[in-house]
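All of the numbers you see were taken from the coordinates with simple rules; none came from a lab. Keep in mind it's a predicted model, so treat the numbers as computed, not measured. Note that each Cβ is placed from the backbone with ideal geometry, even for glycine, and that neighbours are counted across all protein chains shown.
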Amino acid sequence: MAPLLELEGVSKSFGGLLGRRRVTAVRHVSFTLSEAKPEVFTLLGQSGSGKTTLARMILGLETPTAGSLRLQGQDLAKLRRGAGRRRLLGLVQPIFQNPFEAFNPLRHVDHYLLLTAQRFGGAGAGAGARAATEASLRQVGLSLAEVARRYPHELSGGQLQRLAIARALLAKPKLIVADEPVSMVDASLRMAIVNLFKTLRDEFAISILYITHDLATAYLVSDRISIMRAGEVVESGAARQVLTHPQHAYSRQLKDAVLVPRFTVGHGDGASAKSEQRQ
């Protein structure tokens, strides 16, 4: 079986015309996601590290300057146009940082949910689409009755972000690319979304490419992690190992600068997380 997603030496540069300085946003990035073993794979880095540019290339919104991206063994460049675009959207769905930009302010939000259920979820029109939409909304703690006939401005940022996740689920994707999905929501909802990603991995066999600058949530949700700086991956590996015992100097700087979760085993089979300031 071909990998779900395979990047080899992917680079992206901008500029270089009319005397403008050429800027390399992503430089020689390689990694693979297996379809047989869904996981939460995190790209961690500060603003300007290149992680969002990399996400846009995976979504087919940018073309790499060098290297290759393959989805289920097929060159992603061939899936960016025509009939291939529909297949790409059926396999990979985005969740963006600002949920207010994900919905047309002049349309009711349920319009997009029902449309996605029909076009990509195979639900058909009418009752089938409504049933699929209701089921997807339940996964994110909402109901169709709460959001039907409502415009984006009538909902909170947290509700809209959950709607964006529900819409992504309706397409039954193999991969969700989540670009800073919890940066605009409060702490309680942040943890709910992080836990939902683990549910999607475990119960629905969906891999998550989680893009964040937040080391704490990366620690809680990730199976593997790559740390990016200035367009390059400086360290990769199992998330707990990289985040608790980083080897690269930049990784150590990130760890020392933030609150890092420290797990303590409680009663039963769960674990609780505490935070400690690294000095």
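Go through 22-29, 124-131 and give me the packing order, highest mean Cβ count within 10 Å leading.
Numbers: 22-29: 18.6, 124-131: 13.5.
Packing order, densest peptide first, comes out as 22-29, 124-131.
Once the cut-off is 24 Å, how many percent of the Cα-Cα pairs in the range 5-277 end up in the long-distance tail?
Taking all Cα-Cα pairs of the range 5-277, the fraction more than 24 Å apart is 52 percent.
What is the dipole size for the range 1-101, taken about its Cα centre, with +1 at each Lys and Arg Cβ and -1 at each Asp and Glu Cβ, in debye to the nearest 20?
420
Using the structure shown, list the pairs from LYS37/LYS198; LYS172/LYS255; LYS174/LYS198; LYS78/LYS174; LYS12/LYS37; LYS12/LYS198 with a Cα-Cα distance above 25 Å, or answer none.
Correct reply: LYS172/LYS255; LYS12/LYS37; LYS12/LYS198.
So if I place +1 on the C-beta of Lys and Arg and -1 on the C-beta of Asp and Glu, and nothing else carries charge, what would the dipole magnitude of the chain be about its Cα centre? I want it in debye, nearest 20.
On the way: 36 positive and 23 negative charges, 156 e Å.
Dipole size: approximately 740 debye.
What residue among SER30, ILE225, PHE41 has its Cα farthest toward the positive end of the dipole of the chain, where the charges are +1 on Lys, Arg and -1 on Asp, Glu, each on the Cβ?
Value: SER30.
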